[in-house]
1. Show that you can apply the helix-only estimate: for the chain, add -39,500 (n - 2.57) for every DSSP H stretch of four or more residues, divide by all residues, and state [θ] at 222 nm to the nearest 500.
2. Distance check, please: which entries in K74/K114; K12/K138; K66/K119; K106/K167; K15/K66 exceed 30 angstrom between their Cα atoms?
3. What is the magnitude of the charge dipole of the chain about its Cα centre, with +1 placed on the Cβ of each Lys and Arg, -1 on the Cβ of each Asp and Glu, and no other charges, expressed in debye to the nearest 20?
4. Only Cα pairs under 8 Å and at least 6 apart count here; give the relative contact order of the chain as a rounded whole percent.
5. Excluding ligands, DNA and RNA, what is the solvent-accessible area per residue of the chain at a probe of 1.4 Å, expressed in Å²?
6. Quick check: at a probe of 1.4 Å, how many percent of the accessible area of the chain sits on carbon and sulfur atoms?
7. What is the sum of charges, Lys and Arg at +1 and Asp and Glu at -1, for the other residues whose Cβ falls under 14 Å from the Cβ of I203?
8. Which of the peptides 45-54, 128-137 is most tightly packed, and how do the rest follow, judged by the mean count of other Cβ atoms within 10 Å per residue?
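The values are calculated or read from the model by the stated rules, or taken from the named source; none is laboratory data. This structure is a prediction, so every number in the text was calculated from the model and none was measured. Note: ideal-geometry Cβ built from the backbone for every residue, glycine included; neighbour counts use all protein chains shown. For the accessible areas, the whole protein counts, side chains as well, though only heavy atoms, and no ligand, DNA or RNA atoms are used. Shrake-Rupley method; radii C 1.70, N 1.55, O 1.52, S 1.80 Å.
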Amino acid sequence: MLKVINVSKSYKNKKVVSSVSFDVNDGELFGFIGHNGAGKTTTIKAIVGIHDFEEGEVLINSKSIKKQPVECKKEMAYIPDNPDLYESLTGIQYLNFIADIFEVAKDKREELIKYYSNKFELNKALGDLISSYSHGMKQKLAIISALIHSPKILILDEPTSALDLHKQFDLLTLLKNLTQENDFTTLVTLHHLDLAAMFADEIIVLKEGTVYAQGAPKDIFTEAMMEDVYRVRTKIYMDDKGMPHVIPLEAIN
């Protein structure tokens, strides 16, 4: 569904993303990992058509984001790390507004709003002003609004960054289940390798704008490392050389 082919992007003659390539299939959750400044957000913005790029190609269901941007954007939904919502609206007003933009039929939108608001446990708050929502509730509303037109690809940039560990786990569990149940593609940028190891079908690790590692978690991490992650007793981090390490949770301040 999503194919990124040797994408490179420069700012002021400095290449910040260099020959990044990967594929994401339907029904898969793809983890995009790297330090701040590694090139994750730049790559994401190139994929969704916000940034132009000098080299390479991005294909959405075999359509080029460069040559067919409108057609591509109809098939995807993008949520930045800090989504802007119209806080003077209620949740249901905002969802209907987004549904109007994408020309979603009344019966279809009602069905999807009910389905996703129940999944995200937001149904009782849809009549409240968005300004009264917590950060986590706003994040949930943004994701529901992104799914309201039934995109084939959902792209989220750091959706867990302002959530506590428990809420991060819950959100990724829900995204994983929805991706599999509805057979769409989800691409998520994350800081933590441990979250990616638990939830992603495939992982790409970026370092200084290039692909450091790519593949299924079991192919990137050792068996012992994966066992520790799944027991949720340890945390994986990247050292200055881009190498993954595991340390006990007790050692983390």
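1. Details: 9 runs with 89 residues, N = 253.
Rounded to the nearest 500, the figure is -10500 deg cm²/dmol.
2. Details: K74/K114 22 Å; K12/K138 35 Å; K66/K119 35 Å; K106/K167 32 Å; K15/K66 19 Å.
Among K74/K114; K12/K138; K66/K119; K106/K167; K15/K66, the Cα-Cα distance tops 30 Å for K12/K138; K66/K119; K106/K167.
3. Details: 29 positive and 36 negative charges, 98 e Å.
It comes to approximately 480 debye.
4. Numbers: 454 pairs, mean separation 65.2, N = 253.
Reported relative contact order: 26 percent.
5. Numbers: 12670 Å² over 253 residues.
Each residue of the chain exposes 50 Å² on average to a 1.4 Å probe.
6. Values: 6250 of 12670 Å².
Percent of accessible area from carbon and sulfur atoms in the chain: 49.
7. Details: positive: K40, K176, K207, K218; negative: D23, E28, D194, D201, E202, D219.
Neighbourhood net charge equals -2.
8. The packing order, highest mean first, is 45-54, 128-137.
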